[in-house]
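Comments concern the structure below.
Every number in this text was worked out from the coordinates using simple rules, so none of it is lab data. These figures come from a predicted structure and were not determined experimentally. Cβ placement follows ideal geometry from the backbone for every residue including glycine, while neighbour counts extend to all protein chains displayed.
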Amino acid sequence: MSGTASVAGEGSRRHAVPVTVGTPDREATPAELDAAIAELRAGAPRWCATGIPERLALLAELQRTTHAAGAGWAASAAAAKGIAPDSHLAGEDWGTGPYFVLRNLQLLHTTLTDLQETGRPQPPAMRTEGARVVVDVVPGDRLDRLIHTGLTAEAWLQPGVSLDQAMARMGRSYRSDHERAPGVAVVLGAGNVSSIGPMDALSQLFADDRVVVLKMNPVNGYLGPHIAAAFAPLIDADLLRIVHGGAEVGRHLTEHADIDAIHITGSDRTHDAIVFGTGEEGRQRRAEGRPRIDVPMTSELGDVSPVIVVPGPWTAKDLAFQGDHIASMLVNNAGFNCVAGDVVIQHRAWSKRRALLDAVRDSFRRATPREFYYPGAEERYELFVSTHRQAEQLSEAVEGGLPFTLIPDVDPSVTDDVVFTTESFCGVISETALDAPRSVPDFIDEAVQLCNEQLWGNLSATLLVPPRSLADPEVAAAVERAVEQLRYGTVGVNLWAGIGFVFVSPPWGAYAGNELTDIQSGRGTAHNTFLLEDVEKTVIRGPWRPPLTPPWLHTHSRMHRLSPLLADLTVDFDPRTLAAMAWHGLRA
């Protein structure tokens, strides 16, 4: 990168109190939006000219301001979701909000330090396996080794990209011979997980070199002031504006002549409305492949996430743990995650099939009731339950909430069943069973085919397979074949695929290759702190039954104690913090 301009730059304004454009209760006006974009466009060339030392200083400052804003941020999110301050669930919004952002900032700081010292990012390992390059990304540092013991993540690049090409393209935008064009990006933030919008903004800034308009989703617009406080250094330097409003504000931003890129986390319907328009004209444009916008658009749009259960000699402890594991995929954030385990796929003839379902039922019955805060949850819940008489309500429902619900034994031959075509995005999980009479490897192959050809979307998929099953060479080969063939952006083996988001360093997004006219789970990646290109998917793996309760399980009784400590550890690697984490981890 050329130039060593100051981040703040001449003429940058210092606000006494970080501001947003509009408020949670008042939409930004078109004039305010135009002024915000003009200020960003003026700051964009300065950002392109900002050298690595100045960017490192900015990242360090952002860690301090984000950490300072963290407690208020997490408390506001928990309160909005009806979580009591002393509940173990209060740690959920610490973890999925400030901690993720702090970890993102920490990892970007490490990568830029490596770029400054060695000329390129330094992932733990890169190697060629067959026709592709595989990049080890977790564990990447001492924090990974401490808090993600036994977990790994690999980024699989697209076949045909050589090791030399992968190394040359990694972080190449930071090379001195790379010319950058100043640009302004619109990030349409998500309304469910509070770290998504800020982290998408960081990707635009530090990976794509664009300054950012971050539009808060009205669902969690109340967090705008907290995120503004966390990202005050970016706002002060005219690199970021946080704006409030609904669909009209989003339309004004995405259609603005001075916007150079768009990123959205949301639904495929919103994506298509932006790209092609609405009504008959929009349908015609989509059919003809004629987008109405001509700027790059990236997206993460959710999916129907499968959980493939491999038959085998499961013990009672295996069933209990994996019952909690599967239930937690839905209980986390009350099911309002794009990676919630939507459909469990089992072998019909497996002797433990019913026992596993009973373990899932038992886990839901022990789950703390949740408010279903996301708009439209009641309608989606009714859609799933009204079309399946076998639906089982398994938890209590608080006022304003819905019970966690299991729909077992969905017929896999009914390919247009709503459980296969629609992300529930509420407290509903389904189960289906395949016959596959010949062998376990045949079942795995058929399950992969169902996932790839019948389920909507391609964001994340999880396989659960006990070690004793992997001792069979044919089963082990079938599992690796499944990992290879599953067309999903993140594939988890004995680890909820959603943990790929938790790691932060792996590329996060849909499986590569979705077309604008059939967007599925989106295009492009976020996070990706090693600045990899040509990514096809991420593969994560974990132990079958870890020795301690993982903090993402709903049964972790000290999540509210552990999550703030994790945030503390990203800004100060203090042995006393480690000791406190160990104490709470052992007692969870």
Review point. Distance in nm between label sites at residue 390 and residue 515, each 7 Å beyond Cα in the beta-carbon direction?
Key: 3.6
**Study point:** Residue order, fewest to most beta carbons within 10 Å, for 488, 374, 174
**Key:** 374, 174, 488
Review point. Once the other residues with Cβ under 13 Å from the Cβ of residue 323 are scored (Lys, Arg +1; Asp, Glu -1), what is the net sum?
Key: +3
Exercise for review: Assign one of three labels to segment 429-480, namely rounded, prolate or oblate, based on the Cα gyration tensor with a ≥ b ≥ c the square roots of its eigenvalues; rounded applies when a/c is under 1.5, prolate when it is not and a/b is larger than b/c, and oblate otherwise.
Suggested key: prolate
Review point. Relative contact order (percent) for the chain, with alpha-carbon contacts under 8 angstrom and 6 or more residues of separation?
Key: 18
Revision key, fill the gap. Taking the reciprocal of mean 1/r across every pair of different Cα atoms in the chain, the Kirkwood radius in Å is 24.3
**Study point:** Which of 345, 471, 412, positive extreme of dipole for segment 305-499 (C-beta unit charges)
**Key:** 471
Revision key, fill the gap. In debye to the nearest 20, the charge dipole size for segment 502-588, taken about the Cα centre with +1 at each Lys and Arg Cβ and -1 at each Asp and Glu Cβ, equals 640
Practice item. Provide the gained length on full extension for the span residue 349 to residue 545, in nm with one decimal, where the gain is 0.36 nm per separating residue minus the Cα-Cα distance. Key: 68.1 nm
Review point. Considering the alpha-carbon set of segment 305-499 alone, what are its Rg and its Dmax in angstrom?
Key: 15.7, 51
Revision key, fill the gap. Counting sequence-distant residues (5 or more places) and residues on other chains, those with an amide H built under 5 Å from that of residue 410 are 431, 432, 433
Check your understanding: Gain in length, residue 167 to residue 293, computed as 0.36 nm per residue apart minus the alpha-carbon separation, to one decimal in nm?
Key -> 42.1 nm
Point to revise | Order of 373, 381 - criterion: other Cβ atoms within 10 Å of each residue's Cβ, fewest first | key: 373, 381
Check your understanding: Can you give the Kirkwood hydrodynamic radius for segment 135-228, in Å, rounded to one decimal and based on Cα pairs?
Key -> 16.3
Point to revise | Mean Kyte hydropathy of -0.5 or more with a Cα span along the axis of at least 24 Å, helices from DSSP in the chain | key: 30-48, 52-80, 100-118
Practice item. Could you sort 89-97, 419-427 so that the peptide with the highest average Cβ count within 10 Å comes first and the rest follow in order? Key: 89-97, 419-427
Study note, to complete from the structure: Calculated from DSSP helices alone, with each H run of at least 4 adding -39500 (n - 2.57) and the total divided by the residues of the chain, [θ]222 nm to the nearest 500 comes to -12500 deg cm²/dmol
Review point. Any idea what the dipole of segment 305-499 comes to, in debye rounded to 20, about its Cα centre with Lys/Arg Cβ at +1 and Asp/Glu Cβ at -1?
Key: 540
**Study point:** Karplus-derived 3J(HN,Hα), 6.51/-1.76/1.60, for each residue of segment 210-217, Hz, glycine and proline x
**Key:** 10, 7, 9, 9, 9, 8, 5, 6
Point to revise | Computed lengthening from residue 60 to residue 438, 0.36 nm per intervening residue step minus Cα-Cα distance | key: 130.3 nm
Check your understanding: Once you charge only the Cβ atoms, +1 for Lys and Arg and -1 for Asp and Glu, what is the size of the charge dipole of the chain about its Cα centre, to the nearest 20 debye?
Key -> 1280
